[in-house]
Amino acid sequence: MNIEAVPRMSRRDAMKWIMAATGTAAFLSYRGLEANSIPAGERTGKGYGLDPNLLEGKVPWERTLNAAQLKLTAVLADIILPHVDSTSPSASAVHVPDFIDEWISAPYPNQQRDRKIILNGFVWIDKESNRRYGKSFVELNETEACAICDGICHSSVAAPELAEGARFFTAFRGLTLGGYYTTAIGMQDAGYVGNVPLVSFEGPPPEVLKRLGIERAPW
Amino acid sequence: MPHLTAGKSKPDYDVIVVGSGAAGGQTAYTLAMDGVKVLMLEAGRNYDPIAETPMFNTHEHAPLRAVPTPDKPLGYFDATVNGGWQIPGEPYTNASSLPGREFKWWRPRMLGGRTNHWGRIALRNGPYDFKPYSRDGLGFDWPMTYEEIAPYYDKVESLIGVYGTNENMENTPNSPEGVLLRPPKARASELLMHKAAGRLGIPVVPVHRAVLSERLNSKKIPQWLHPHNPKAATILAAEMDRRLACFWATPCNRGCSIKATYQSTTVHLPPALATGNLDIITDAMVRSVSVDANGRATGVNFIDKSTGQDYIIKGRIVVLAAGAMESVRILLNSRSARHGAGLGNSSGLLGKYIMDTVGAELRGKIPALENLPPHNEDGAGGAHVYVPWWLYQEQAAGKLDFPRGYHIETAGSRREPTVGTFENLERLSGVGYGRRLKEEARRYYGSTVAYGGRGEMIPNQNCFTELDPQVRDRWGIPVLRFHWQWSEYEFRQAAHMQRTFAEIITTMGGSHGNLDPTGKEAIEDGGRVIHEVGGAIMGADPKKSVTNSHSQCWDAPNIYITDGASFCSNSDKNPTLTIMALAWRAADHMIAEMKKGNL
């Protein structure tokens, strides 16, 4: 899969991306807190309306995460869905952070709800890593980062004092999975092989029928 | 398509058809092919499925990966233009905001209406479905029999193309030999369901859908449909040849640019326009039907939405096919000295007995479907199988606590993943993050199923619509106010649906969420299934109905209501095919009455 297959970023998004990737989060007193410079208030921008051009699929609202927040998003998304090999790249390699930025910047109620959870979660996770390691989350080594994630990645059994973190992680993981597995690479990784015209539809192949214990299709 | 601008149409028409969906499309088709001069008015914009359908666009190429939003409640790619549960400036109201008492009204504003996005499930009503009152004493009998409608089902199926099989099942009619197209092969989850349900005595059979699994025979069908009309047959043959067979990709609810599915815009309107007998005005919001001193229709008043200007168009006959509730609204708003309570309302039944389909669902997780080798299950862009109602005998013997049947629709397979597909992956797998999460995604992808019941409600006096005394839309037209209340019949049926789904899922070796033993939580809100019908019910007695068996208004014989408003029951079978069969029959009646000089 070549890079042409993933959605193009606007120049502005690309600049933000480059800044995030090269780590320009340098000048802050409280390490990592620059990730929280956008208030978690509601977005009031316009949606795409009731009659958008379906072929263009344009996103009319501006993305709102800053470079540091994008960096944090990339680091956490790649912990959730890391690079395995060329057929299963990391979340950030298929631009999941840009998708999450698009999502939480949208003016619709569900996305606004997620925006609060995600932005508050950014604050929470940096506070937590400062509390435990004296560093922002993006500066943690793998062991340290995983220690924090292990405490919040199963919301049904998370400790009460980690409840907010667990709520954030659940939402963030949902968006990471959603963003990843709706890309061309992600769909293929999951095992979706459709969206191609066929001359005929033959039903499941013999190996699948065998697995299901079905000797012969009924029609 | 030659769309006229409002104000530039001919001075008068034989027939004015309000609405361009299944009812308006079929009515206009039948009339125009027979030489009748027709004007169609559509409240929405022009819509061209060839140019506008996002066929192979993946979710990645849509805002928010195409998830539903308030702007596009069925997802970004759903073929609904300027519509949804709410239309800005065109409100409706509910008399009660209590849970379960609200009616939800889905409206598009586009040429072709809901036929552009509909589920394509095309089932015939059976003989019982036309005589429900005679069978169990509830609701109303239709003023005709299945045998009288059957020839029109044959014609509609032949025209639009429907895949499926004849199963010789009770109250589930066969089509004549050669009418149905080959059914697609079942998918893995459908095969597993077939096997498990079979053990429970529940029949899983090919569903009937208006999708061309093979091309239509343009040599035979047009001549059969139009035997004494070579011009119509020639036009239809040419249009049929422009429709391609399904290429087993892309979801049908986006519409179909290769015309493999039935949409009014790809099947009814092109041949009707090719005759030269049909004019269409879009963005034409009908306010009311105008009548003369004798109470007969003279034409319609409409607003050109692009300028806000009012127009009057004259016609010998007015056909209301605006969607059941919208047609009722137009009639209620057509008050005159002769029709003080609304046109066609001498019985007092206009707006009464509105119905939807009873809906309840259950999802299941099926271990046997985990980790299957990747294979293409797009298929015909919708379900390949269904369960027709199978317990007629038990019901007749009084063994069930609800009077009418339901069929089961199925979903769940290896379709294109959405943002929500893996939302519960951690709960399913116990894996929180990392490389193993990717393995779990592969394991669980395509391993869940969802079953939905589609059941018959009994028409009741608590479900009706009327004009809201205060609220008007942006055009100054009074809006509808709805009253809704399910009865115990529907709650019990919904509970039975969930119990059945649970049995099937369990027999498949799967597990499911909690059941609602009361059915009151499980049941969908009124209107949610988007099968709303009634409000101008047909019958044999003018005192007890709004139209006769030809969908002709008792009070004004040159008004016909050819959409679902005339339904006096709403069987479990999805209404669209029956709407088209009744519309064809009504149009034949108009032609005959015009020839006789009665209209």
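The values are calculated or read from the model by the stated rules, or taken from the named source; none is laboratory data. Predicted, not measured: the structure shown is a model, and the values here were computed from it. Cβ: placed from backbone, ideal geometry, glycine included. Neighbour counts: every protein chain shown.
Kindly evaluate B:Glu147 against the criterion of being surrounded by fewer than 20 Cβ atoms within 10 Å (Cβ to Cβ) and in contact with a strand residue (DSSP E or B) (Cβ under 6 Å, 6 or more places away or on another chain). Taking the combined requirement at face value, the residue does not satisfy it. Just one residue in the set B:Gly119, B:Gly75 is more than 8 Å from chain A (Cβ to nearest Cβ), touching a Cys at 6+ places or on another chain (Cβ under 8 Å) and within 22 Å of B:Asn574 (Cβ to Cβ); that residue is B:Gly119. Here B:Asp468 does not qualify as of a type outside the set (Ser, Thr, Tyr) and farther than 23 Å from B:Leu98 by Cα. For the stretch B:265-333, which strands (runs of 3 or more DSSP E) that fit wholly inside it have 2 or more residues that are touching a helix residue (DSSP H, G or I) at 6+ places or on another chain (Cβ under 9 Å)? It comes to B:278-281, B:284-291, B:309-320.
The condition (being in a helix (DSSP H, G or I) and surrounded by fewer than 20 Cβ atoms within 10 Å (Cβ to Cβ)) is satisfied by just one residue among A:Glu102, A:Glu161: A:Glu161. Exactly one residue out of A:Pro197, A:Pro218, A:Pro204 is part of a loop (DSSP other than H, G, I, E, B), at the interface with another protein chain (Cβ under 10 Å from one of its Cβ atoms) and crowded, with 16+ Cβ neighbours inside 10 Å: that is A:Pro204.
Yes or no, residue by residue, for (1) in contact with a Leu (Cβ under 8 Å, 6 or more places away or on another chain); (2) within 13 Å of chain B (Cβ to nearest Cβ); (3) among the β-branched types (Val, Ile, Thr); (4) surrounded by fewer than 18 Cβ atoms within 10 Å (Cβ to Cβ):
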position	(1), (2), (3), (4)
A:Asp114	yes, yes, no, no
A:Val138	yes, no, yes, no
A:Cys153	no, yes, no, no
A:Leu175	no, yes, no, no
A:Arg211	yes, yes, no, yes
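Among the residues of the stretch B:193-233, those identified as basic (Lys, Arg) and in a loop (DSSP other than H, G, I, E, B) are B:Arg215, B:Lys219, B:Lys220. The residue pairs whose first member lies in the stretch B:93-108 and is small (Gly, Ala, Ser), whose second member is surrounded by fewer than 21 Cβ atoms within 10 Å (Cβ to Cβ), and whose beta carbons are closer than 8 Å, counting only pairs six or more residues apart or on different chains, are B:Ala95/B:Arg101; B:Ala95/B:Arg481; B:Ala95/B:His483; B:Ser96/B:Glu102; B:Ser96/B:His483; B:Gly100/B:Gln485; B:Gly100/B:Lys520; B:Gly100/B:Asp525. Report yes if A:Asp78 is in a helix (DSSP H, G or I) and either modelled with pLDDT of 95 or more or more than 19 Å from the chain's Cα centre (by Cα) (or both), otherwise no. Yes; evaluated as a whole, the condition is true for this residue. Taken as a whole, the structure leaves B:Lys10 outside the set of residues that are buried (at least 24 other Cβ atoms within 10 Å of the Cβ) and either free of Cβ contacts under 8 Å to residues at least 24 places away in the same chain or more than 26 Å from the chain's Cα centre (by Cα) (or both). Looking across the stretch B:181-239, the residues that are among the polar types (S, T, N, Q) and either in contact with a helix residue (DSSP H, G or I) (Cβ under 9 Å, 6 or more places away or on another chain) or more than 9 Å from every other protein chain (Cβ to nearest Cβ) (or both) come down to B:Ser189, B:Asn217, B:Ser218, B:Gln223, B:Asn229, B:Thr234.
Residues of the stretch B:35-57 that are surrounded by fewer than 21 Cβ atoms within 10 Å (Cβ to Cβ) and in a loop (DSSP other than H, G, I, E, B): B:Gly35, B:Lys37, B:Asn46, B:Asp48, B:Met55, B:Phe56, B:Asn57. Among the residues of the stretch B:360-391, those identified as buried (at least 18 other Cβ atoms within 10 Å of the Cβ) and closer than 16 Å to B:Gly126 by Cβ are B:Tyr386, B:Val387, B:Pro388, B:Trp389, B:Trp390.
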